[in-house]
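Peer 1: Quick one: the structure is below, questions incoming.
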Amino acid sequence: LIKLEISLDQAYYLRGLAYYQANDNKEIEGINDFTAAINLNSNNELAYLYRGIVNQDLSNFSDAIKDYEVVTEINSKNDDAWLKISVCNFFLGNYDKAKYQYKNATNLNPDKKGEFKLIGLINDLSPLNCDKAIEAFTIELSVNNISEVYFLRAEVFRKKGSYKQALYDYNAAIEMTSNISKYYIGRAKLKMKLLDFRGGLIDSDKALELN
């Protein structure tokens, strides 16, 4: 027989993880077990991380941030914790903090880029969330300066009626990547709104040329 030895804090952590992964409305039980693990071992990084995740899922963003911050104190290179702090601060409206922490996460792990592009796209689904979508795309651009994100932000600015900002972003997208037809279509729509019919026609012709 193989005897497996496991510490009591690990036992609580593992049961808390099982509650979380079961996805069976056992969030409070999971939090209680993660807390028990932490009380037994204040350096249990994963217990703090998953207690934060459960709180984040419950929209308890401030509590989640506290746990994620402890994770970064235990392990300053935990890119997941930095990313999750950033996302929680975004939903609390702390955009400058979110940007700073997103940079930390993506510096540690460049594969984390794209998170705020996704958040921007989700918020763009509702006309009531235009400002949040713009903030998300702005945070993404702080670490991921690519034409697609400029285009996505331009589209939101245009729908919102912020035409000057939209034109700036369409121009930036096209200057960076000049062979994507939808960029010209978006700018053509904007130019028509601005009564620049000649400019709109030129962009429309360019879009057709690229298709």
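The values are calculated or read from the model by the stated rules, or taken from the named source; none is laboratory data. Here the structure is a predicted model, which is why all the values come from computation and not from measurement. Cβ sites come from the backbone with ideal geometry, for glycine too, and all protein chains shown count toward neighbours. Heavy atoms of the whole protein, side chains included, go into the accessibility calculation; ligands, DNA and RNA do not. Shrake-Rupley method; radii C 1.70, N 1.55, O 1.52, S 1.80 Å.
Peer 1: Identify which of the listed values of P(r) over Cα pairs in 10 Å bins from 0, in percent was calculated from the structure shown: [x] 9, 26, 25, 17, 12, 7, 3, 0, 0; [y] 8, 29, 29, 18, 11, 4, 0; [z] 8, 32, 32, 19, 8, 1.
Peer 2: [x]
Peer 1: Here's a follow-up. Which FRET efficiency value, to the nearest 0.05, is calculated for Tyr100 and Ile74 with the Förster distance at 22 angstrom and r the Cβ-Cβ distance? Spell out each step's value before the answer.
Peer 2: Details: r = 20 Å, r/R0 = 0.90.
Taking R0 as 22 Å, the efficiency between Tyr100 and Ile74 is 0.65.
Peer 1: Moving on. Taking Lys191 as the anchor, which lysines have their alpha carbon closer than 27 Å to its alpha carbon, excluding any fewer than eight residues away along the same chain?
Peer 2: Lys117, Lys132, Lys159, Lys160, Lys164, Lys182, Lys206
Peer 1: Based solely on its DSSP helices, what 222 nm [θ] is calculated for the chain when runs of n ≥ 4 H residues each add -39,500 (n - 2.57) and the sum is averaged over all residues, nearest 500 deg cm²/dmol?
Peer 2: For the chain, the value works out to -24000 deg cm²/dmol.
Peer 1: What does the net charge come to around Glu69 if you take all other residues with beta carbon closer than 15 Å to its beta carbon, with K and R at +1 and D and E at -1?
Peer 2: Local charge sum for Glu69: -1.
Peer 1: Where in the range 44-88 are there chymotrypsin sites (Phe, Trp or Tyr not before Pro) that are in a DSSP coil and have at most 14 other Cβ atoms within 10 angstrom of their Cβ? Mind dumping the intermediate values first?
Peer 2: Values: sites: Tyr48, Tyr50, Phe61, Tyr68, Trp82; in loops: none.
Listed in order of number, the matching sites amount to none.
Peer 1: In whole percent, what relative contact order does the chain give with Cα contacts below 8 Å and a gap of six or more residues? Intermediate results must be reported in sequence, preceding the final value.
Peer 2: Details: 280 pairs, mean separation 19.3, N = 211.
Worked out over the chain, it gives 9 percent.
Peer 1: Lys pairs in the range 1-104, Cα-Cα under 20 Å, at least 8 apart or on separate chains: how many?
Peer 2: The result is 11.
Peer 1: Strictly greater than 19 Å: what percent of every Cα pair in the range 120-211 meets that?
Peer 2: So the pairs more than 19 Å apart make up 37 percent of the total in the range 120-211.
Peer 1: How do Leu8, Leu17 stack up against each other in accessible area, from largest to smallest, with a 1.4 angstrom probe?
Peer 2: Numbers: Leu8 105, Leu17 25 Å².
Largest to smallest exposure gives the sequence Leu8, Leu17.
Peer 1: Using the heavy atoms of the protein chains and a 1.4 angstrom probe, tell me the accessible area per residue for the chain in square angstrom.
Peer 2: 56 Å²
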